[in-house]
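**Q** First the structure, which I've put down as structure tokens, then a few questions once you've had a look.
Every number in this text was worked out from the coordinates using simple rules, so none of it is lab data. Fair warning: this is a prediction, and the values are worked out from it, not measured in the lab. For neighbour counting, all protein chains shown are included, and Cβ atoms are generated from backbone atoms with ideal geometry for every residue, glycine included.
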Amino acid sequence: MTFHWLDILVVITYFLLILFVGFYLSSKKKSKSASSDIEFILAGRGVTLPFFVATLVATWYGNIFGIGEFVYSSGVVAWVCFGLPYYISAFLFALFIAKKIRQSDIKTIPEQFEIKYGKSAGFISSFIVLIITIPAAYTLMVGLIIQLFTGWDLWLCIMLGAVLSLAYLYTGGFRADVLTNSAQFIIMYVGFAVLLIFSIYSYGSPFQLAAQLPAKHMTLSGGYSWQIILSWFIIAFQAFVDPSFHQRCAASKSPETAKKGILISIAFWVLFDTLTLLTGLYSRAIFPSISPLNAYTTLADMVLPIFWKGFFVTTLLAVVMSTLDSYAFISAVTIGNDILKKFRTKTNNYQNSAKSLIRIGLVITAIISIVMAIILPSALQLIYRTASIAVPGLLIPLTLSFFKRYYLTKNGALIIMLISSGISLIWTFGRLFTEKFTLMGKLFWEIEPMLAGISISLVLALLLVRKADENV
């Protein structure tokens, strides 16, 4: 992309705005009644409905380049795989889980495991949660966007992006995350709406566009088998163990806020998915031979005038940074509150100590993310691979922990966690050596790790889940 000085000014203004919101505004709005750790971890459990929706929606779209790649390469089926299954999953989560999280007064997923299944389960779940919250992939993406308009070395852009994305969390905690997410929420909708408007103005209506697309791009299957599409519906249930869902429900002002917030968020996800789908299809129709990862940036470079091109870069930054800082803070809380805390003796000044441990966790998270993003430029794959390992071990034990009719014993929960995630881990690495196996072996390893792990988890659950009226 080529930029005018005004485009650069827009990007700089965005960073100044986010730092202002993260540092200044978050310090002005603090709960007077909540304890220090509740204020820092959950914004005093006072997140109102508009802020709940804004922070949850903004956190959901960190892999925006992957969305563009899928739409460009396959068409409408991207919505069938990336959209519809997640609406269903979030809807079920809102109906059956959201209010229970707020009513339980837990702060984190590992705390829920510890309460229901004991200290060992809580400690192990901390490391499983950490697998899916270290934001190395998003750190890399922010670095790539900064490199797009600066031309600087990638390692420098990665470090700069991480510092600008995480610095305000050190002082403002979750409240800073919520407020910056809210600003980023507005930017992401405006940016993609403007891109769609200019695309329509330049190339005609979406109905005219359809004639220029490959036939498969306009079908619901996109040429994929039903097994692959079904896999995405199963993968979508990772929402039930997504730490950002749990954290925001725990931070909501009331149980009803948590439930309503998710239901309203679904409507906003539908709207944003419509914007990303249509702009991705415009890119495919107009530029049939570009790299799919550049679907949005190529279209923006062609149709957007000065100022709006810079604004669209801030849109991409807002989408990725909203996920980066949210997962970085969850990772910091997991390290500080759920892991380091186990090795520290409680004192009279424990509340301040908990905040200090979370800040240490944030520094550790930043270092790990920067190092991984620099040495593993293919870290984008970590988003899928890490979820494939973590979700099977957490899904059933965590979901059952909120219900009374059926339950797992402490040992039963540990067995499911260790074996299911262990199988997915082995599967993930085993697929790297597919060429060494026979034909039957290759077919075996080509099963998705997520499906393998969840299948094992379901089988174990059938054997280990008990009814509440059974004798232990």
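**Q** Could you tell me the calculated FRET efficiency between Ile306 and Ile426, based on Cβ-Cβ distance and R0 = 45 angstrom, to the nearest 0.05?
**A** The computed FRET efficiency comes out at 0.30.
**Q** Using 0.36 nm per residue of separation minus the Cα-Cα distance, give me the extension gain between Leu16 and Ile197 in nm, one decimal.
**A** Gain on stretching Leu16 to Ile197: 62.4 nm.
**Q** Nearest 500 deg cm²/dmol is fine: what mean residue ellipticity at 222 nm does the chain get from its DSSP H runs of n ≥ 4 alone, each adding -39,500 (n - 2.57), divided by its residue count?
**A** Computed mean residue ellipticity for the chain: -23500 deg cm²/dmol.
**Q** What length, rounded to one decimal in nm, is gained on full extension from Thr48 through to Phe343, with 0.36 nm per residue of separation minus their alpha-carbon distance?
**A** 102.7 nm
**Q** Could you list, in their original order, any pairs among Lys107/Lys342; Lys99/Lys119; Lys28/Lys342 whose Cα atoms are separated by more than 20 Å?
**A** Distance filter (> 20 Å) returns Lys99/Lys119; Lys28/Lys342.
**Q** I would also like to ask the following. If contacts are Cα pairs under 8 angstrom and at least 6 residues apart, what is the relative contact order of the chain in percent?
**A** Dividing the mean separation by the residue count of the chain yields 29 percent.
**Q** Hey, another quick one. Return the distance in nm (one decimal) between the two label points of a simple spin-label model at Leu263 and Met218, each offset 7 Å from Cα along Cα→Cβ.
**A** 3.7
**Q** Measuring from a point 7 Å past the Cα of Phe91 along Cα-to-C-beta, which residues in the stretch 388-429 have an amide N at less than 19 Å?
**A** From the stretch 388-429, the list is empty.
**Q** Using only Cα atoms, what Kirkwood radius does the stretch 5-390 have, in angstroms?
**A** Every distinct Cα pair counted, the radius reaches 21.2 Å.
**Q** Most exposed first by the Cβ proxy, i.e. fewest other Cβ within 10 Å, how do Arg248, Arg466 rank?
**A** Ranked by crowding around the Cβ, least crowded first: Arg466, Arg248.
**Q** I would also like to ask the following. Treat the count of other C-beta atoms within 10 Å as a stand-in for reagent exposure and order Trp427, Trp155 from fewest to most.
**A** Trp155, Trp427
**Q** Could you please rank Ser369, Ser254, Ser199, placing first whichever residue has the fewest other Cβ atoms within 10 Å of its Cβ?
**A** Ser254, Ser199, Ser369
**Q** Please work out, to two decimal places, the log10 of the ratio I(q)/I(0) at q = 0.24 Å⁻¹ from a Debye calculation in which every Cα of the stretch 71-165 carries one identical scatterer.
**A** Computed log10 I(q)/I(0) values: -1.05.
**Q** In Å and on Cα atoms, what radius of gyration and Dmax does the stretch 238-342 show?
**A** Cα only, the stretch 238-342: 18.4, 56 Å (Rg, Dmax).
**Q** Work out the FRET efficiency for Ile375 and Lys467 from their Cβ-Cβ distance, taking R0 = 45 Å, and round it to the nearest 0.05.
**A** Calculated value: 0.35.
**Q** Now for a separate question. I want to make sure I understand the PRE zone here: with the label point 7 angstrom from the Cα of Leu458 toward its beta carbon, which residues in the stretch 413-432 have backbone N atoms less than 20 Å away?
**A** Backbone N within reach: 413, 415-428.
**Q** Give me D for the stretch 298-339 in µm² s⁻¹, whole number, from Stokes-Einstein with Rh from the Kirkwood sum over alpha-carbon pairs, 25 °C and 0.890 mPa s.
**A** Roughly 201 µm²/s, to the nearest whole number.
**Q** Given the Cα atoms of the stretch 106-225, and with Rh set as the inverse mean 1/r over their pairs in the Kirkwood sense, what is Rg to Rh to two decimals?
**A** 1.13
**Q** Here is a further query. So for each of 35-43, 120-128 I average, over its residues, the number of other beta carbons within 10 Å; can you give me the resulting order with the highest mean first?
**A** Those peptides, ordered most packed to least, come out 35-43, 120-128.
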